[in-house]
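**Q** This is the structure I want to talk about, given as structure tokens.
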Amino acid sequence: MALVKIPEQQVTLRDRAEVTAFLASHGIEFETWTPEHPIDADASAESILAAYAREIDALKRRGGYVTADVIDVKPDTPNLDMMLAKFSREHWHDEDEVRFIIEGRGLFHIHPGSGPVFAIEVEAGDLIRVPRGTHHWFDLCVDKRIRAIRLFQDTSGWTPHYTDSGVDKGFEPVCFGPAYVARG
Ligand SMILES: [Fe+2]
């Protein structure tokens with residue numbers, strides 16, 4: 001279940017209804033999905049897409065997405081640092097950024113048009129839809145592991161446009177989830 005942190009206000013949201021409502025107030029859709037049947041985290045991309053076919057189809061209809069794929073990022077993924085550097089600077093896309101997390105975790109920072117920057121830490125079971133044009137950046141957690149379904153309206157529209165605002169440099173790309181919760 002995703003957590004939201006608003007550093008400027010020293011606020012962390014962990015409650016499902018609060019997280020969902022806060023993200024919705026910024027136009028970001030958040031849901032949690034459960035698979036049609038149990039699947040292993042290392043299952044093939046095809047079987048993962050099949051297990052979530054119902055949710056994917058519903059989302060495709062709602063958002064006009066035409067394709068779905070599965071990305072698999074591990075610490076030994078070739079050129080990992082180069083790949084991550086592309087997305088860890090503030091940017092926006094002509095496409096929505098739609099991710100359903102199958103395994104691992106990741107940290108989205110959102111820089112809204114009004115209000116302070118906030119972070120969303122996503123984990124397995126979380127669906128997030130960040131509308132096109134939203135300023136954001138993304139980091140992996142220390143374990144550098146994420147497997148996720150992505151949905152696209154048009155894959156050519158999914159190039160990052162950098163803002164070069166430097167805002168991203170003021171925020172630590174540190175995940176806070178399970179350890180933070182464990183400490184209460
Ligand atoms: Fe992005």
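**Q** Just one of 20, 12, 77, 67 is of a type in the set (S, T, N, Q) and either touching a Cys at 6+ places or on another chain (Cβ under 8 Å) or within 13 Å of residue 127 (Cβ to Cβ) (or both); which is it? Steps first, answer last, please.
**A** Values: 12 fails: either touching a Cys at 6+ places or on another chain (Cβ under 8 Å) or within 13 Å of residue 127 (Cβ to Cβ) (or both); 77 fails: either touching a Cys at 6+ places or on another chain (Cβ under 8 Å) or within 13 Å of residue 127 (Cβ to Cβ) (or both); 67 fails: either touching a Cys at 6+ places or on another chain (Cβ under 8 Å) or within 13 Å of residue 127 (Cβ to Cβ) (or both).
Going through 20, 12, 77, 67 in turn, just one is of a type in the set (S, T, N, Q) and either touching a Cys at 6+ places or on another chain (Cβ under 8 Å) or within 13 Å of residue 127 (Cβ to Cβ) (or both): 20.
**Q** Ok, one more. For residues that are under 14 Å from residue 138 (Cα atoms), in a strand (DSSP E or B) and not acidic (Asp, Glu), tally how many sit in the range 75-103.
**A** Here the count works out to 5.
**Q** Can you tell me which residue in the range 111-122 is nearest to the ligand (Cβ to nearest atom), limited to those that are in a strand (DSSP E or B) and more than 18 Å from residue 84 (Cβ to Cβ)? Spell out the reasoning first.
**A** Taking the range 111-122 as the starting set, the residues that turn out to be in a strand (DSSP E or B) are 111, 118-122.
Right, trim to more than 18 Å from residue 84 (Cβ to Cβ) and you get 111, 118.
Values: 111: 12, 118: 16 Å.
The residue in question is 111.
**Q** Being among the charged types (D, E, K, R) and part of a strand (DSSP E or B) is the filter; apply it to the range 129-174 and report the residue that is farthest from the ligand (Cβ to nearest atom).
**A** Going through the range 129-174, the residues among the charged types (D, E, K, R) turn out to be 129, 132, 139, 143-145, 147, 150, 154, 164, 168-169, 172.
Of the ones still in play, those that are also part of a strand (DSSP E or B) are 129, 139, 147, 150.
Working: 129: 12, 139: 11, 147: 17, 150: 11 Å.
Among those that are among the charged types (D, E, K, R) and part of a strand (DSSP E or B), it is 147.
The numbers here are math on the coordinates, done by the rules we state, and not lab data. Quick caveat: nothing in here was measured; it's all calculated off a predicted structure. Cβ atoms come from the backbone with ideal geometry, glycine included; neighbour counts cover every protein chain shown.
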